[in-house]
Amino acid sequence: MDKTLVVFGAGTGLGAAVARRFGEAGYRVALVARDAARLSALSAELAGAGITSAVFPADLARTAEVPALIDRIREHFGRIDVIEYAPITTDLFVPAADLDVATEQHYLNLYLLTPIAIVQAVLPEMLTRGDGGLLLGQGVGAIRPMPGLSGLGPAMAAARNYFLTLHAELAPRGVYAGALHVAGIINGSAGHRAVTGGTVAHGVDFTRIPLLEPSDLAETMWTLFTKRDQAEETVPAQPGR
Ligand SMILES: NC(=O)c1ccc[n+]([C@@H]2O[C@H](COP(=O)([O-])OP(=O)(O)OC[C@H]3O[C@@H](n4cnc5c(N)ncnc54)[C@H](OP(=O)(O)O)[C@@H]3O)[C@@H](O)[C@H]2O)c1
């Protein structure tokens, strides 16, 4: 097995868990985030579990740099079979009434335009093979707008629209595209640490939001990719969805 997964936004929560889940299934893993030291620590942890990985520090808000980043990953691993895209920071919420163009431009780069650039760069080889995976991780704000929690929501909503359209177009051509919407706090993530440390506020009572295990979410992503019978899933399931 020489398949390669690229985790875009490889942090301590979902990114690390997806790397482990696919790694356990035999995938080699390319790890992308900005903090090179943390990526190296994750890579060493994966090596301890017998998983081959390599680190590619990059700022995914810099959409124009995506083609060169993909070239570096392909040069190292030879091929890209699956991408998982779910970068997130803790400075993420802006009330819609306060949102300005410059702020939203950043979110559009990070959550919509960079994924489009990545798909442009990796899709041709997937279509040539007639197999591949494009996996998007998001907050539930992409499908359920919430007061005070705008900013990334509009950009994520656009990315969801894009991935659902990709799903319909690419399924007959052997490539899976789909989205996981996270409607809880991810245990062990930077977001979890910020919430429990009180550095994220915006009037939300985070104690009422379910705590989710990243390994369970990674399993859901694995199931979406391997079963290919759903374009998206929300965890935990939301009323009416
Ligand atoms: N954490 C939660 O409680 C929570 C709640 C609801 C929804 N979600 C969703 O679940 C998904 C996974 O969240 P997670 O917290 O578990 O993520 P994670 O895998 O722990 O971390 C994501 C990583 O993205 C990286 N990142 C942020 N901005 C970046 C940029 N400009 N360029 C490159 N990398 C960047 C950060 O690393 P660097 O700082 O090193 O770049 C961060 O460690 C996300 O889609 C998020 O919206 C999470």
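Values as computed for the structure displayed
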read-out: Residues within the range 82-133 that are surrounded by 16 or more Cβ atoms within 10 Å (Cβ to Cβ), among the aliphatic types (A, V, I, L, M) and part of a helix (DSSP H, G or I), tallied; value: 11
read-out: Some residue of the range 188-197 being at pLDDT 85 or above and either part of a loop (DSSP other than H, G, I, E, B) or under 26 Å from ASP81 (Cα atoms) (or both); value: yes
read-out: Subset of the range 156-184 [buried (at least 20 other Cβ atoms within 10 Å of the Cβ) and small (Gly, Ala, Ser)]; value: ALA159, ALA177, GLY178, ALA179
read-out: Matching option when the condition is within 16 Å of the ligand (Cβ to nearest atom) and modelled with pLDDT under 95, among PRO145, PRO95; value: PRO145
read-out: Given (1) over 30 Å from ALA142 (Cα atoms); (2) at pLDDT 95 or above; (3) more than 13 Å from the ligand (Cβ to nearest atom), index of the condition ALA41 fails; value: (3)
read-out: Condition check for ALA44: free of Cβ contacts under 8 Å to residues at least 40 places away in the same chain and open to solvent by 10 Å² or more (accessible area, probe 1.4 Å); value: yes
read-out: Test for ALA30: is it assigned to a strand (DSSP E or B), under 17 Å from the mean Cα position of the chain (by Cα) and without any contact (Cβ under 8 Å) to a residue 60 or more places away in the chain; value: yes
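The values are calculated or read from the model by the stated rules, or taken from the named source; none is laboratory data. The structure displayed is predicted, hence computed values, not measured ones. A quick note on method: Cβ atoms are made from the backbone with ideal geometry, for glycine too, and the neighbour counts reach across all protein chains shown. Ligands, DNA and RNA are excluded from the accessible area calculation, which covers all protein heavy atoms including side chains. Shrake-Rupley method; radii C 1.70, N 1.55, O 1.52, S 1.80 Å.
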